[in-house]
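Data block below; observations after.
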Ligand code: GLN
């Protein structure tokens, strides 16, 4: 079992379950053991749901026995702690919600559980998903499995570390500006941010509602597709969830490349990117050429405005979304002060960490009457421009290929409080959220310190099946080095 959980993909585990080589109860117990063993080292989980998982696994075994199993039945999945699971805590990595127990499940989780998937724990994250290093959690930071002195990336760093340390074959994260792809890149796994609207946001605690998407994180692009098959689709509880027929997102995996053109947007490579990262991604472009893809240089001129536009829009939306934490509706309530106003002020002062406070201040400033036109409205204009530039690109390209991050995982403590530096490093991921496009990150190399390097494929809206297939083709040529845990 120990070797199995270190190598197996969802598809392999699923056939093992169907062929009765092992039961979901055995498999889940093995992953739980590994999760408990690894958690002291990496801090990947806020809550390991041992009892809950074993009960779900027993139900999954029944489902397998009576022949109604689907590809996810009996498969343990970890879930970022900003996605609600009924009757269990959902903390968002914040003191504000440390005692909060969700009264309902997110649609994505209801769908996973309807398929018989086993939710084994809630993973650590930057507070309210604001960050790129998973160091702002009230419950402590997440360490990178490849080097424990380094960050796991963020904000879904717990989910990435959970998969990379073999505590589950796959996990869910959320991505507002790169939080699925960036930690996936830092921890050497695959992460997919779906098109805005592919997955319902019902039950995902809102950070920036026009940008947020739940996304799968797994060992392979194919497995990300399997998870997406389960969680995607229209939802009566979220009218921004697209009303489309759910296709099989893995259907194009293994098919031939037909006239595919890959664009390398030059601004993404001109940005301040480490030489080793750049050369690994360019080497991947060569691999694609040898498969029969046409690779050409393209341009996204407005990339230079993307970080500013992203932080204005996301902070403005966050300021308004987080106004609900007033000491009355949710769990943290300050005991200090005498008046109603004191209650709100003190609750928010005590309950939120410094990064969340910074975003709320930035967002309220950008939305205030004297500055609205100067900041928020300009950001919205840039958003339209970036969208239009992508539309233009996709007239001649099937997708674009970029590095996922400017550097590999950096040392814990470095720059985490330097906002400009931290925010600037999101330059390569935020445009997919700004334009609502699907993007997948997979490992394409290792640097001199043996740290994983990620590359991203960004596709046209609802083109998840195409970028999953392209990432899958690359993965079949590439030998991953697992973290030594
Ligand atoms: N790093 C970005 C931020 O801090 C992205 C976060 C996210 O995608 N949730 O806002």
Report task. Return 166, 139, 22 ranked ascending by Cβ neighbour count within 10 Å, so the fewest neighbours appear first. Result -> 22, 139, 166
**Report entry** Alpha-carbon spread of the range 239-353, three principal axes, descending order, Å
**Finding:** 70, 40, 23
Query - Mean-position separation - Cα centroids, the range 1-68 and the range 155-206, in angstrom - result: 19 Å
Query raised in the report: Using alpha-carbon pairs under 8 Å, 6+ residues apart, how would you state the relative contact order of the chain in percent?
Result: 17 percent
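Taking a quarter of the surface of the convex hull around the Cα atoms of the range 186-289, what do you get in nm²? Write down the numbers at each step before the final one.
Working: hull surface 35.6 nm².
Over all viewing directions, the range 186-289 projects a mean Cα-hull area of 8.9 nm².
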Report task. Report the relative contact order of the range 335-461, percent, no decimals, based on alpha-carbon pairs under 8 angstrom and at least 6 residues apart. Result -> 24 percent
Query - Burial ordering of 451, 85, fewest other beta-carbon atoms within 10 Å first - result: 451, 85
Query raised in the report: Taking the simple approach of a point 7 Å from Cα along Cα-to-Cβ for both residue 19 and residue 340, what is their distance in nm?
Result: 6.6 nm
Query raised in the report: Using Cα pairs under 8 angstrom and six or more residues apart, how large is the relative contact order of the range 175-305, in percent?
Result: 20 percent
Query raised in the report: Which distance in nm do the two modelled labels at residue 51 and residue 424 give, with both placed 7 Å along the Cα-to-Cβ direction?
Result: 5.1 nm
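For the range 380-430, what value does the Rg/Rh ratio take when both radii are computed over Cα atoms and Rh is the Kirkwood radius, given to two decimals? Show your work: numbers first, answer last.
Details: Rg = 14.9 Å, Rh = 13.4 Å.
We get a ratio of 1.11 for the range 380-430.
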Query - Spin-label zone in the range 270-312 - amide nitrogen under 18 Å from a point set 7 Å from the Cα of residue 368 along the C-beta vector - result: 312
Query - Segment residue 392-residue 149, extension gain: residue separation times 0.36 nm, minus the distance between their alpha carbons - result: 83.2 nm
Report summary line: When 314, 441, 369 are ranked with the fewest other C-beta atoms within 10 Å first, the list becomes 369, 314, 441
Report task. Quickly work out the residue 26-to-residue 296 label distance, labels modelled 7 Å from Cα along the C-beta direction, and quote it in nm with one decimal. Result -> 5.5 nm
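To the nearest 500 deg cm²/dmol, what mean residue ellipticity at 222 nm is calculated for the chain from DSSP H runs of n ≥ 4 alone, each contributing -39,500 (n - 2.57), summed and divided by the residues? Before the final figure, lay out the partial values.
Working: 17 runs with 189 residues, N = 485.
After summing the helix terms and dividing by the residues of the chain, the value is -12000 deg cm²/dmol.
Quote the convex hull volume per residue of the range 367-485, based on C-alpha atoms, as a whole number of Å³. Write out the running numbers ahead of the final one.
On the way: hull volume 17.4 nm³, N = 119.
Given the Cα convex hull of the range 367-485, per-residue volume reads 146 Å³.
Relative to the compact globular guide of 2.2 N^0.38 Å, what is the alpha carbon radius of gyration of the range 36-117, as a ratio? Present the calculation step by step, with values, prior to reporting the outcome.
Values: Rg = 14.0 Å, N = 82, 2.2 N^0.38 = 11.7 Å.
So the range 36-117 has a normalised radius of gyration of 1.19.
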Query raised in the report: Stretched out fully, how many nm does the piece from residue 448 to residue 275 gain, at 0.36 nm a residue minus the Cα gap?
Result: 61.2 nm
Report task. Report the antiparallel proportion of the DSSP beta bridges in the chain as a percent, rounded to a multiple of 5. Result -> 70 percent
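In nm, what is the difference between 0.36 nm times the number of residues separating residue 68 and residue 4 and their Cα-Cα distance?
Stretched fully, the residue 68-residue 4 segment lengthens by 20.6 nm.
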Requested in this report: Alpha carbons only, please: Rg and Dmax for the chain, in angstrom.
Outcome: 21.1, 71
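The numbers here are math on the coordinates, done by the rules we state, and not lab data. Every value quoted in this text rests on a predicted model; they were computed, and no experiment measured them. Cβ coordinates were reconstructed from backbone atoms using ideal geometry, including for glycine residues, and neighbour counts include every protein chain displayed.
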